[in-house]
Amino acid sequence: MNEIIRDIELNEMKENPSAFCVGDTVRVYNKIKEGNRERVQVFEGTVLKRQNGGNRETFTVRKNSGGIGVEKTWPLHSPNIEKIEVIRRGKVRRAKLNYLRQRTGKRAKVKERVS
């Protein structure tokens, strides 16, 4: 049974998912269907976490919108995600940046990684 599920999941995975890490500032291009029309909505923010692996991998992005923190979680291999664009690379030493939820202003920033 596991082999059947594994084969189905491998077929659903994207060929080359974007290379981004926790702490990076990314721009996610999300497809939205409204009636019979389809449009692309952009969500830009800091990656808080990446979870799981394989076909079930998800990532969470947080941004401030009008002084209120907004988080969205997407499946990495979702067909609704058109592309993920990395704006800035972040220098972090943790796998999950949950502490950013309580911070505001300059304290909520992540240092930029110099390459």
Exactly one of ARG103, ARG27 is out of contact with any Phe, Trp or Tyr (no Cβ under 9 Å at 6 or more places or on another chain) and on the phi < 0 side of the Ramachandran plot, and that one is ARG103
When you look at VAL42, is it under 16 Å from ILE84 (Cα atoms), of a type in the set (A, V, I, L, M, F, W, C) and surrounded by 13 or more Cβ atoms within 10 Å (Cβ to Cβ), yes or no? no
Looking across segment 59-90 at residues that are under 14 Å from VAL26 (Cβ atoms) and among the hydroxyl-bearing types (Ser, Thr, Tyr), the single one that is surrounded by the most Cβ atoms within 10 Å (Cβ to Cβ) is THR60
Residue pairs within 9 Å by beta carbon, gap of at least six or interchain, first lying in segment 94-109 and in contact (Cβ under 8 Å) with a residue 12 or more places away in the chain and within 10 Å of LEU48 (Cβ to Cβ), second hydroxyl-bearing (Ser, Thr, Tyr) and not in a helix (DSSP H, G or I), listed first then second, are LYS96/THR60; LEU97/THR46; LEU100/THR46
Residue pairs within 6 Å by beta carbon, gap of at least six or interchain, first lying in segment 24-39 and more than 18 Å from VAL110 (Cα to Cα), second aromatic (Phe, Trp, Tyr) and in a strand (DSSP E or B), listed first then second, are VAL28/PHE43
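Throughout, read-outs are computed from the coordinates displayed, never taken from laboratory work. This structure is a prediction, so every number in the text was calculated from the model and none was measured. Quick reminder, even Gly has a Cβ in these numbers, built from the backbone with ideal geometry, and neighbours come from all protein chains shown.
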